[in-house]
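Enquirer: Can you read through this structure? Questions will come right after.
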Amino acid sequence: MALMTGAEYVESLRKLGTKVYLFGELVENWVDHPIIRPSINCVAVTYDLAHDPEHSDLMTVTSNLTGKKVNRFSHLHQSTEDLRNKVKMQRLLGQKTASCFQRCVGMDAFNAVYSTTFETDSKYGTSYHENFKKYLIYVQENDLTVDGAMTDPKGDRGLSPGKQKDADLFLRIVEKRPDGIVVRGAKAHQTGSINSHEHIIMPTMAMTEDDSSYAVSFACPSDAEGLFMIYGRQSCDTRKLEDQADIDVGNKQYGGQEALVVFDNVFIPNERVFLCEEWDFAGMMVERFAGYHRQSYGGCKVGVGDVLIGAAALIADYNGANKASHVKDKLIEMTHLNETLYCCGIACSAEGYPTKAGNYQIDLLLANVCKQNVTRFPYEIVRLAEDIAGGLMVTMPSAADFRSDEKVPTASGLTVGQWCGKFFQGVASVPTENRQRLLRFIENICLGASAVGYRTESMHGAGSPQAQRIMIARQGNIEGKKALAKAIAGIKD
Ligand code: SF4
Ligand code: FE
């Protein structure tokens with residue numbers, strides 16, 4: 001099958017029987033639901049840009065498995081150039097959507113599972129790598145979107161999986177059959193789960209032998225029997241249901257999406273199993289997936305940052321504040337922070353290396369430094385954007401007020417809409433509605449629905465800050481650095 005267009009992707013979702021609960025009810029037509037649809041539109045851009053002559057070189061690549069052209073989102077990185085192009089593609093998509101476009105979790109899972117299954121098979125004589133290769137060819141040939149799912153609900157953070165009061169708080173194998181396994185549990189905060197055709201499940205952390213039933217990786221369709229999702233709500237999400245949504249949502253077309261994905265005794269056939277109780281490889285899979293996803297943030301968040309910097313500069317124009325030196329300096333600072341994140345994404349890619357399976361892995365230390373910076377810099381960029389925008393971004397009346405014909409019974413006889421237009425204008429040559437739209441857009445990225453993808457996800461997505469600090473401690477080679485100091489200081493032990 002050829003590469004899908006965005007419209008074909010949307011139609012392909014309609015054929016799935018994915019079960020989605022939102023506000024306590026099963027959603028019949030989740031593809032067209034106004035709260036869910038912006039996140040589908042976002043993934044659709046990853047398909048449309050693959051057909052765009054301006055971007056198809058970046059968006060598509062030759063598969064090492066089939067020799068055919070595939071979307072880069074389903075590719076196994078074959079070089080450091082591929083790794084860098086991945087980051088560039090993510091920056092581009094952040095620029096086009098100002099949102100989380102969700103398809104990266106699958107790409108990062110493919111690359112982590114491919115190399116880990118190779119090494120698991122080398123030790124145990126299993127056939128997970130062959131299983132995975134066949135699966136990925138199926139994904140590439142059908143141009144599917146796959147959710148890479150890692151994070152378990154985790155219950156009491158002080159207890160290991162097997163010690164939890166409720167054994168389902170980490171996803172696990174509950175039955176082994178001759179033809180496959182049965183799994184139970186859930187994956188939380190799953191980006192892009194509802195609009196994915198398939199799911200790849202990975203363990204959430206390194207496991208011990210006692211917890212081997214939790215060391216499991218597999219793939220299944222999003223509408224597998226026993227699988228359902230509960231949609232995660234976002235700040236201001238019900239604005240999408242309003243008539244005036246095109247202004248008040250700020251970014252009506254695109255958005256991210258997270259959900260709780262529940263597996264209530266789901267059967268997985270043997271050919272879709274990629275890890276089954278080989279507990280000593282769970283940590284490798286987690287570390288590699290997390291490394292790729294921490295690299296990813298040096299692309300996607302930078303693209304959204306580009307749009308936010310542009311919006312901040314534009315609102316300074318609309319407010320008549322663009323000549324102020326402190327505004328110019330704030331835009332410089334935002335750009336400096338944003339490009340620093342990009343440097344990290346490119347650097348960990350440029351320093352990548354081939355795994356034993358042949359696909360390329362990023363430099364883990366630099367990828368963790370990248371994500372650690374992402375837990376901080378977008379917050380500062382948001383702070384500066386809010387500084388430049390002014391308080392009106394959170395105090396402005398609704399679009400319904402701006403459009404209201406209701407006459408206010410005072411001396412002037414103006415309508416509510418006319419009063420809004422009069423008092424919320426900035427530079428006289430700029431229509432008040434432009435200012436209104438832009439302030440709502442900045443609100444959307446900094447505090448509204450897209451803040452999930454830009455702000456809080458910068459903190460917790462791809463692992464919370466402490467997870468990177470543990471990796472930085474492991475990879476930082478302090479002993480080697482001590483030796484450097486000793487050598488130059490003339491210290492002999
Ligand atoms: Fe992709 Fe970024 Fe969203 Fe992760 S947070 S899925 S890397 S856009
Ligand atoms: Fe993420």
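Enquirer: Can you give me the number of residues within the stretch 32-47 that are over 17 Å from the mean Cα position of the chain (by Cα) and either crowded, with 19+ Cβ neighbours inside 10 Å or assigned to a loop (DSSP other than H, G, I, E, B) (or both)?
Expert: Within the stretch 32-47, residues that are over 17 Å from the mean Cα position of the chain (by Cα) and either crowded, with 19+ Cβ neighbours inside 10 Å or assigned to a loop (DSSP other than H, G, I, E, B) (or both) number 3.
Enquirer: Here's another thing I want to ask about it. Please find, among F267, F274, F289, F281, the residue that is in a helix (DSSP H, G or I), of a type in the set (A, V, I, L, M, F, W, C) and more than 16 Å from ligand 2 (Cβ to nearest atom).
Expert: Checking each option against the conditions leaves just F281.
Enquirer: Also, quick follow-up: Quick check: anything in the stretch 69-80 more than 16 Å from ligand 2 (Cβ to nearest atom), in contact with a strand residue (DSSP E or B) (Cβ under 9 Å, 6 or more places away or on another chain) and open to solvent by 60 Å² or more (accessible area, probe 1.4 Å)?
Expert: Within the stretch 69-80 (the criterion being more than 16 Å from ligand 2 (Cβ to nearest atom), in contact with a strand residue (DSSP E or B) (Cβ under 9 Å, 6 or more places away or on another chain) and open to solvent by 60 Å² or more (accessible area, probe 1.4 Å)), the answer is yes, since at least one residue qualifies.
Enquirer: Return yes or no: is G345 outside the structural domain of E225 (by TED's automatic domain parsing), open to solvent by less than 30 Å² (accessible area, probe 1.4 Å), closer than 30 Å to S429 by Cα and within 15 Å of ligand 1 (Cβ to nearest atom)?
Expert: no
Enquirer: Also: Looking only at the stretch 421-453, which residues are surrounded by fewer than 23 Cβ atoms within 10 Å (Cβ to Cβ) and within 16 Å of ligand 1 (Cβ to nearest atom)?
Expert: A451
Enquirer: Taking the condition of being under 19 Å from Y292 (Cα atoms) and open to solvent by 20 Å² or more (accessible area, probe 1.4 Å), how many residues in the stretch 134-149 meet it?
Expert: Of the residues in the stretch 134-149, 0 are under 19 Å from Y292 (Cα atoms) and open to solvent by 20 Å² or more (accessible area, probe 1.4 Å).
Enquirer: Sort out which residues of the stretch 244-291 are within 24 Å of R172 (Cα to Cα), open to solvent by less than 20 Å² (accessible area, probe 1.4 Å), within 16 Å of ligand 1 (Cβ to nearest atom) and not small (G, A, S), and write them in order of number.
Expert: Selection gives V261, F289.
Enquirer: Related question: Can you give me the number of residues within the stretch 403-420 that are open to solvent by 30 Å² or more (accessible area, probe 1.4 Å) and closer than 23 Å to D243 by Cβ?
Expert: 9
Enquirer: Output the residue which, of all residues in the stretch 98-131 that are under 27 Å from C42 (Cβ atoms) and more than 16 Å from ligand 1 (Cβ to nearest atom), is surrounded by the most Cβ atoms within 10 Å (Cβ to Cβ).
Expert: V113
Enquirer: Here are some conditions: (1) in a strand (DSSP E or B); (2) closer than 19 Å to F267 by Cα; (3) within 16 Å of ligand 1 (Cβ to nearest atom). S193 meets all but one. Which one does it not meet?
Expert: (1)
Enquirer: Take D57 and tell me if it is modelled with pLDDT of 95 or more and touching a helix residue (DSSP H, G or I) at 6+ places or on another chain (Cβ under 8 Å).
Expert: Judged against the criteria, D57 is not a match.
Enquirer: Going by what's in this entry, would Y360 be described as open to solvent by 40 Å² or more (accessible area, probe 1.4 Å), in contact with a strand residue (DSSP E or B) (Cβ under 6 Å, 6 or more places away or on another chain) and more than 27 Å from R437 (Cβ to Cβ)?
Expert: The answer is yes for Y360.
Enquirer: A further question follows. Being free of Cβ contacts under 8 Å to residues at least 12 places away in the same chain and within 34 Å of the chain's Cα centre (by Cα) is the filter here; which residues of the stretch 420-459 pass it?
Expert: Residue satisfying the conditions is T456 alone.
Enquirer: Among the residues of the stretch 420-450, which ones are touching a Cys at 6+ places or on another chain (Cβ under 9 Å) and assigned to a helix (DSSP H, G or I)?
Expert: Passing the criteria: T432, Q436, E443, N444.
Enquirer: Follow-up question, since we're still on this one. Filter the stretch 454-493 down to the residues that are of a type in the set (D, E) and open to solvent by 40 Å² or more (accessible area, probe 1.4 Å) and list them by number.
Expert: Scanning the stretch 454-493 gives E479, D493.
Enquirer: Pairs please, first residue from the stretch 218-234 and on the phi > 0 side of the Ramachandran plot, second anywhere and crowded, with 18+ Cβ neighbours inside 10 Å and of a type in the set (F, W, Y), Cβ atoms under 9 Å, 6+ apart in sequence or on different chains.
Expert: Taking only residues 6 or more apart or on different chains, the pairs are G226/F263.
Enquirer: Considering only residues that are away from ligand 2 (no atom under 16 Å from the Cβ), in contact (Cβ under 8 Å) with a residue 12 or more places away in the chain and among the small types (G, A, S), which ones fall in the stretch 297-333?
Expert: A311, A312, A313, A316, G320, A321
The values are calculated or read from the model by the stated rules, or taken from the named source; none is laboratory data. Bear in mind that the values here come from a model prediction, so they are computed numbers and not experimental data. Heads up, the Cβs are rebuilt from the backbone with ideal geometry, glycines too, and the neighbour counts pull from every protein chain shown. SASA here: full protein model, heavy atoms, side chains in, ligands and nucleic acids out. Shrake-Rupley method; radii C 1.70, N 1.55, O 1.52, S 1.80 Å.
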